[in-house]
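The values are calculated or read from the model by the stated rules, or taken from the named source; none is laboratory data. Given the structure is predicted, the values throughout are model-derived calculations rather than measurements. So basically every Cβ, Gly included, is an ideal-geometry build from the backbone, and we count neighbours across all protein chains shown. The area values use the complete protein model at the heavy-atom level, side chains included, leaving out ligands, DNA and RNA. Shrake-Rupley method; radii C 1.70, N 1.55, O 1.52, S 1.80 Å.
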Amino acid sequence: MASETHMSGPECLIENTNGRLLVNPKALKILSAIKQPVVVVAIVGLYRTGKSYLMNKLAGKNKGFSLGSTVQSHTKGIWMWCVPHPKKPNRTLVLLDTEGLGDVEKGDNQNDSWIFALAILLSSTFVYNSMGTINQQAMDQLHYVTELTDRIRAKSSPDVDGFEDSADFVSFFPDFVWTLRDFSLDLEADGQSITADEYLQNSLKLRKGTNQKDKNFNLPRLCIRQFFPNKKCFIFDRPTSRKKLGQLEELCDDDLDSEFVQQAAVFCSYIFSNSKTKTLSGDVKVNGPRLETLVQTYVNAISSGDVPCMENAVLALAEIENSAAVQKAIAHYDQQMGQKLQLPTETLQELLDLHRASEKEAIEVFMKRSFKDIDHVFQNELGAQLDKKRDGFCDQNLKASSDHCSALLKDIFGPLEEGVRQGIYSKPGGYRLFIEKIQELKKKYLEQPRKGIQAEEILQAYLKSKESVMDAILQTDQTLSEKEKLIEVERVKAESAQAAAKMLQEMQTKNQQMMEQKEKSYQEHVKQLTEKMEKDRVQLLKEQERTLALKLQEQAQLLQEGFQEKNTRLHQEIKNLEKKMQERNNNCSLS
């Protein structure tokens with residue numbers, strides 16, 4: 001985040017007013033100023049479970065997000081607090097605190113479902129906060145996760161069977177962190193100590209069975225396992241006595257339970273170290289303006305009655321980004337040409353070489369900033385604008401050369417024209433003097449540097465305009481015979497024809513150079529596009545491999561759980577058999 005952009009406190013990002021979700025323009029303006037990639041941590045949970053306290057700790061403050069001290073929910077909508085990341089200097093930490101789920105005053109679970117879905121869509125780490133243990137009641141309260149496929153679409157067009165694979169969601173869902181508040185149980189299983197993560201893993205085990213009760217039991221667990229491959233669990237003791245809970249903002253760490261303080265510190269350290277940068281498909285890192293676009297796109301979709309679609313949001317973002325990428329590329333091209341180009345250039349090739357170098361850099365700027373340019377619409381737009389810029393510079397070059405050469409001719413040939421007006425060449429031998437003077441001035445003109453590509457054409461046009469004067473002087477020169485005059489006329493014609501042929505050759509050369517430049521431009525676009533497509537292909541393969549690995553990991557875990565269950569059952573059967581054999585042996589001994 002820019003050093004001057006610091007929020008002293010949270011700002012409402014998405015307002016929840018009378019059942020309608022509205023984006024706050026002031027918060028969007030804050031996001032638009034954050035140019036760094038963002039790490040987005042969102043917290044969701046039932047109202048009055050202490051979500052805001054944890055978010056304040058992540059912000060490094062005791063106060064900020066409203067804690068409240070009654071059974072009423074304080075946070076409405078989604079509130080945002082952007083702070084410098086404490087461990088990653090080149091990142092901004094965006095904290096999203098959501099209104100409590102299940103608030104009886106709302107009387108409408110529809111809003112809760114959308115708040116839950118938005119928190120997942122916008123975050124890179126999703127924290128679910130609940131009280132007590134992970135029991136069936138806690139799972140039932142997490143029913144929102146079972147509705148995600150109804151609230152979120154990964155693709156604008158589902159598969160042919162009308163369904164989306166969970167892998168489509170895995171590719172962009174955040175990491176899942178379950179925080180258990182006022183946890184009072186010992187972390188044990190089968191008489192052995194276990195970690196909080198193992199407790200979560202055990203709580204997400206599925207039942208073997210196909211009846212409705214088993215399905216209801218398994219559904220939220222299956223959704224969490226499939227949608228959130230990366231899961232973490234933290235437990236927290238009660239922070240202080242019940243009477244002091246309403247004063248948490250005023251209490252310092254010494255006034256709180258030492259275990260709770262340590263647990264909160266471990267939680268914050270994990271979030272700071274492990275929460276990832278918000279990333280879209282194609283390894284697109286989200287910064288403030290991109291997050292701003294995502295917020296607007298998702299909320300607009302919900303407001304219009306549609307289901308937020310990740311693919312559509314990315315495409316909407318891509319359109320904005322690609323349009324900006326074209327402008328950035330053109331601005332870079334203009335800057336480079338402005339710094340390096342001096343008109344008029346000595347040759348057309350000099351101008352085209354400068355254009356090509358600047359064009360190459362401009363395309364690189366575009367490729368670096370653009371993504372998901374479907375059918376290369378924006379790259380083609382860039383190409384068209386660069387061609388137009390090149391043609392414009394060529395026109396400017398022509399004019400600059402023409403103006404400069406015309407001024408030179410006027411300055412160099414001015415004395416000759418004054419001599420003609422005074423009649424100093426209208427005398428015997430005057431024609432020879434006139435021709436010698438023209439040759440002398442021509443040489444002087446040709447020796448002048450940086451006349452540009454119009455040097456010959458402007459000179460020939462000037463000389464042609466003086467042919468009538470030259471002919472008049474020739475005809476009045478009495479020292480020349482008629483034969484000599486005819487020879488001189490033919491010489492002038494031959495010179496004129498030779499100059500015309502030279503200009504035609506130059507024109508053909510220029511046209512050839514322009515054709516070659518257009519081909520080089522096309523090849524440069526193709527080259528850089530091919531390189532970008534290869535990078536995108538490699539990135540897509542990585543994402544597909546990651547998704548496949550996560551699915552295989554989940555399947556392996558299911559197989560392992562099944563194996564462990566069978567193994568436990570077998571051990572139990574062996575114990576029962578050993579017990580029966582022991583009883584039989586005891587009976588035999590007694591008899």
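Of the residues 498, 508, 475, the single one that is under 30 Å from residue 341 (Cα atoms) and either touching a Pro at 6+ places or on another chain (Cβ under 8 Å) or open to solvent by 30 Å² or more (accessible area, probe 1.4 Å) (or both) is 508. Just one of the numbered conditions (1) of a type in the set (S, T, N, Q); (2) over 23 Å from residue 84 (Cβ atoms); (3) open to solvent by 20 Å² or more (accessible area, probe 1.4 Å) is not true of residue 287: (2).
Reported count of residues in the stretch 192-201, each being surrounded by fewer than 13 Cβ atoms within 10 Å (Cβ to Cβ) and at pLDDT 90 or above, is 2.
Taking each residue of the stretch 529-540 that is under 13 Å from residue 282 (Cβ atoms) and open to solvent by less than 80 Å² (accessible area, probe 1.4 Å) and looking for partners that are assigned to a helix (DSSP H, G or I) and at pLDDT 80 or above with beta-carbon atoms closer than 8 Å, six or more apart or interchain, yields 532/367. Scanning the stretch 135-144 for residues that are among the hydrophobic types (A, V, I, L, M, F, W, C) and crowded, with 20+ Cβ neighbours inside 10 Å, which turns out modelled with the lowest pLDDT? If we take residues in the stretch 135-144 being among the hydrophobic types (A, V, I, L, M, F, W, C) and crowded, with 20+ Cβ neighbours inside 10 Å, then 142 is modelled with the lowest pLDDT.
Only one entry of 464, 442 meets the criterion of being open to solvent by less than 80 Å² (accessible area, probe 1.4 Å) and among the basic types (Lys, Arg), and that entry is 442.
Tell me whether the stretch 85-98 contains one or more residues that are open to solvent by 30 Å² or more (accessible area, probe 1.4 Å), modelled with pLDDT under 90 and under 26 Å from residue 239 (Cβ atoms). No; the residues of the stretch 85-98 include none that is open to solvent by 30 Å² or more (accessible area, probe 1.4 Å), modelled with pLDDT under 90 and under 26 Å from residue 239 (Cβ atoms).
Quick check on the stretch 321-333. Is at least one of its residues among the acidic types (Asp, Glu), surrounded by fewer than 19 Cβ atoms within 10 Å (Cβ to Cβ) and touching a residue at least 12 places away in the same chain (Cβ under 8 Å)? Scanning the stretch 321-333 turns up no residue that is among the acidic types (Asp, Glu), surrounded by fewer than 19 Cβ atoms within 10 Å (Cβ to Cβ) and touching a residue at least 12 places away in the same chain (Cβ under 8 Å). Within the stretch 222-242, restricting attention to residues that are more than 14 Å from residue 178 (Cβ to Cβ) and basic (Lys, Arg), which residue is most open to solvent (accessible area, probe 1.4 Å)? If we take residues in the stretch 222-242 being more than 14 Å from residue 178 (Cβ to Cβ) and basic (Lys, Arg), then 242 is most open to solvent (accessible area, probe 1.4 Å). In the set (1) in contact (Cβ under 8 Å) with a residue 12 or more places away in the chain; (2) open to solvent by less than 80 Å² (accessible area, probe 1.4 Å); (3) more than 26 Å from residue 337 (Cα to Cα), the condition left unmet by residue 451 is number (3). Within the stretch 10-63, the residues that satisfy the criterion of being assigned to a helix (DSSP H, G or I) and open to solvent by 20 Å² or more (accessible area, probe 1.4 Å) are 25, 26, 29, 30, 32, 57.
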